[in-house]
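Q: The following block contains the structure, expressed as structure tokens.
The values are calculated or read from the model by the stated rules, or taken from the named source; none is laboratory data. It should be emphasised that the depicted structure is a prediction, and the values quoted were computed from it without experimental measurement. Because the Cβ atoms are built from the backbone with ideal geometry, glycine has one as well, and the counts that use them run over all protein chains shown. These accessible areas exclude ligands, DNA and RNA; they are computed on the full protein's heavy atoms, side chains included. Shrake-Rupley method; radii C 1.70, N 1.55, O 1.52, S 1.80 Å.
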Amino acid sequence: MIHPIVASLCPVILNQSDIELLSHRTIDSTADALYQVSQVSQRSFAELGQILANHHQLMFNPRPNRSIKLATVITTIKELHLERIVAQHAIIPMSLDNGVLQLLSFDPLLKSLLAELQFHHRVNTQLVITDIEQFQYLYSEVKRQLDSEYQQGADELNLLPQIMHQSQQRDASDIHIEPDKDQARVRVRCDGLLVTIMQFPLNKMMALVSQIKIYAELDITEQRLPQDGRMSYSLSEKEEIDVRVSTLPTLWGEKLVMRIAREKESLPKLDQLGLTQEQYHALKLALNQPQGLILVTGPTGSGKTITLYSCLSTVANASINICTVEDPVEIHFQGFNQVQTNAHIGLSFARSLRSLLRQDPDVIMLGEIRDSETAEIAIHAAQTGHLVLSTLHTNSAFGALERLNQLGINKADLIDSLQLVIAQRLLRKSCPYCAEDSSTQTCYHCNEGYKGRSGVFELLPVTRQLLSNITQLQSGEERLSGYLIGEQDLLQVANELCLKQITTQQEIERVLGHE
């Protein structure tokens, strides 16, 4: 059987006697075919390359060493992690520009490889042909450069395991990988504050980001637009964690944030959140009601989602249908019907909630009430036999009533639906090890004297009397704390923790501000 390369050259430079001679020789590869054809036809490799390029309608580059920059080749290989492809195939990735990957080879029969690259890397490919001698010279230079950078590359690939293990040791919730002008740094969020754990040269940043983007199934060629994804990462054979990944283009490169998803088993139970006894019983009573709306309020990072999940875990059983609408779904619960919103296809909170009401739900958890339409549907659901839990971004429990009024919800609807408003914050707890041994210079158990966090809450039951006195409360004529469970607001609960030496006055002022 005639090799395809020989067949391509038959009508142009090979006569019948040449083909007869070649048919009796062993030709195992395109390189073998080119050497044999050159010997038989007395044609140069440059001529053969030009003829093959014309036959397969491909571009021909007679002097690739003049037009191709080795640094660009190496960057392209490392950016797309093509080291294995280059080692196994006669191909050189020349450049990646505007989503087009240009590849150089002497072999025009690499169509299946190009299709594989297009599929796995989501890029268009363009094959450029050169003669085999020019290619092999350049290929040896590329291999030599890759070999010299192998050790450095191995160090770069080890960055991610180091980052993930240090983050787990510190019980971090988020990992920030940030480029700057001269170097990159890694910061982790521990107990609400960022701590720097690592710095490294900026040239290692690209490989690290590409590695994470591949794990998260993001487009590694897209560096101009933000992207969001999700990945699983194995810390060991027995331990695997879910990680949400977000990229953002900045002045010095892509900034990347990884949020470590909390396991369902590590969620605090309702009585472990930090509620006082009175507050705990009031919340349990509200959760045992067959219908109504419970709102959790506070700024971003105040623990609202964890409180909602703890509430759902408390009421969950096999006899009720629990549905959630979230952006995104942070923790997967077996037995819950969890919906993730998608703005790109118009799947908003309001649209998802409207559909959920036709799914015979008993309990609905809505990640956030963001607009008037969502607020109206949530109120309607609470009025028609569903227990609805959601969040609002307000600073206090009373602020939720003002926010709902701004969203167009009238008092009459609130009386019939809204049961309870919870405002919360998270305070760092004083490290018990530091308290035991004040002489220790460095404590390896904590971050600057704090270890872990506790919630502080104020609970506002919504009654007719409260709603009828809103005007007086807004003007300051009547004291709001009289309507709160235990007549305690956030600051009063926090001060009690300070008296018990669970937290400090400095931490209270950091989170709640100064009086």
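Q: Which entry in (i) 1.36; (ii) 1.66; (iii) 1.14 is this structure's computed Cα Rg over 2.2 N^0.38 Å?
A: So the structure-derived entry is (i).
Q: Quick check: with the 1.4 Å probe, what order do LYS181, LYS304 take by accessible area, largest first?
A: Highest to lowest solvent-accessible surface, that is LYS181, LYS304.
Q: Cα to Cα, under 17 Å, and not fewer than 8 places away if on the same chain: which aspartates and glutamates meet these conditions relative to LYS143?
A: Correct list for LYS143: GLU79, GLU83, GLU133.
Q: Could you please report the charge total around ASP97, scoring K, R as +1 and D, E as -1 over all other residues with beta-carbon less than 14 angstrom from its beta-carbon?
A: Counting the neighbours of ASP97, the net charge comes to 0.
Q: If one puts a single equal scatterer on every Cα of the stretch 158-260 and applies the Debye formula without solvent, what log₁₀ I(q)/I(0) results at q = 0.20, 0.22 Å⁻¹?
A: For the requested q values the scattering log ratios are -1.03, -1.26.
Q: Dipole of the chain (Lys/Arg Cβ +1, Asp/Glu Cβ -1, origin at the Cα centre): which of ILE91, TRP252, MET198 lies farthest to the positive side?
A: Most positive-ward Cα: TRP252.
Q: Cβ neighbours within 10 Å, averaged per peptide: list 392-398, 424-430, 58-64, 190-196 in order, most packed at the top.
A: 424-430, 392-398, 190-196, 58-64
Q: For the chain, with only Lys/Arg (+1) and Asp/Glu (-1) charged at the beta-carbon, what is the dipole magnitude about the Cα centre, in debye rounded to 20?
A: Rounded to the nearest 20 debye, it is 260 debye.
Q: Shifting gears a bit: Please sort 452-459, 105-112 by packing, taking for each peptide the average over its residues of neighbouring beta carbons within 10 angstrom, highest first.
A: Most protected by this proxy first, the peptides run 452-459, 105-112.
Q: Would you please give the residues with an amide H less than 5 Å from that of THR130, counting only those at least 5 places away or on a separate chain, with H modeled from the backbone geometry?
A: Residues meeting the criterion, in which the H sits 1.01 Å from N, are ASN61, SER105, PHE106.
Q: Can you pull the percent of the stretch 44-151's accessible area that's carbon plus sulfur, 1.4 Å probe, other chains left in place?
A: Ligands and nucleic acids excluded, carbon and sulfur give 48 percent.
Q: With θ set to phi - 60°, apply the Karplus curve 6.51 cos²θ - 1.76 cosθ + 1.60 along the stretch 274-287 and write out the HN-Hα couplings as whole Hz, x wherever there is a Gly or Pro.
A: For the stretch 274-287, the Karplus-derived couplings read x, 5, 6, 4, 4, 5, 4, 5, 5, 5, 4, 4, 5, 5 Hz, x marking Gly and Pro.
Q: Please list the non-local residues whose amide H lies under 5 Å from the amide H of LEU420, H modeled 1.01 Å from N, same-chain partners needing a gap of 5 or more.
A: Excluding prolines and chain starts, which carry no amide H, the hits are LEU293, LEU295, VAL462.
Q: Measuring with a 1.4 Å probe in the full set of protein chains, what accessible area per residue, in whole Å², belongs to the stretch 44-151?
A: That works out to 52 Å² per residue.
Q: Further question: Could you do me a favour and compute the accessible area per residue for the stretch 310-454, 1.4 Å probe, result in Å²?
A: On a per-residue basis, 48 Å².
Q: Per residue of the chain, what 222 nm ellipticity follows from adding -39500 (n - 2.57) for every DSSP H run with n ≥ 4, rounded to the nearest 500?
A: The per-residue figure over the chain is -12000 deg cm²/dmol.
Q: Over the stretch 179-321, with every protein chain in place, what whole percent of the accessible area is carbon and sulfur at 1.4 Å, could you tell me?
A: 48
Q: Considering all projection directions equally, how large on average is the shadow of the alpha-carbon convex hull of the stretch 180-318, in square nanometres?
A: Taking the Cα atoms of the stretch 180-318, their convex hull projects to 12.1 nm² on average.
Q: To continue, here is another question. Which residue, ALA172, GLN183, TYR233, has the largest displacement toward the positive end of the dipole of the stretch 158-260 when charges sit on each Cβ (Lys, Arg +1; Asp, Glu -1)?
A: Going by the Cα projections, it comes out as GLN183.
Q: Out of residues 5 or more away from LEU235 or on other chains, whose amide H comes under 5 Å of its own, with H placed 1.01 Å from N in the peptide plane?
A: Sorted by chain and number, the residues that satisfy this are GLU240, ILE241.
Q: Separate question: Taking the Cα-to-Cβ direction at LEU193 and at THR72 and moving 7 Å from each Cα, how far apart do the two end points lie in nm?
A: 4.8
Q: If you don't mind, another one. Quick one: accessible area per residue over the stretch 158-260, 1.4 Å probe, rounded to a whole number of Å²?
A: For the stretch 158-260, the solvent-accessible area averages 51 Å² per residue.
Q: Using only Cα atoms, what is the ratio of the radius of gyration of the stretch 60-153 to 2.2 N^0.38 Å?
A: 1.00
Q: To continue, here is another question. Where a Cα-Cα gap under 12 Å defines reach, which aspartates and glutamates qualify for LYS238, not counting those fewer than 8 residues away within the same chain?
A: Within the straight-line cut-off, LYS238 pairs with nothing.
Q: If you plug each phi of the stretch 362-376 into the Karplus form 6.51 cos²θ - 1.76 cosθ + 1.60 with θ = phi - 60°, what whole-Hz ³J(HN,Hα) values come out, in order, with x for Gly and Pro?
A: My calculation for the stretch 362-376 gives 9, 10, 10, 10, 10, x, 6, 8, 9, 8, 4, 4, 5, 4, 5 Hz in order.
Q: Sticking with this one: May I ask you to evaluate 6.51 cos²θ - 1.76 cosθ + 1.60, the Karplus curve with θ = phi - 60°, for each residue of the stretch 344-358 and list the ³J(HN,Hα) values in order in whole Hz, giving x for glycine and proline?
A: In residue order, the calculated couplings are 5, 10, x, 8, 8, 4, 5, 5, 5, 5, 4, 6, 4, 5, 8 Hz.
Q: On to the next question. Please flag any cysteine in the chain that has no other cysteine's Cβ under 4.7 angstrom from its own Cβ.
A: CYS10, CYS190, CYS311, CYS323, CYS443, CYS498
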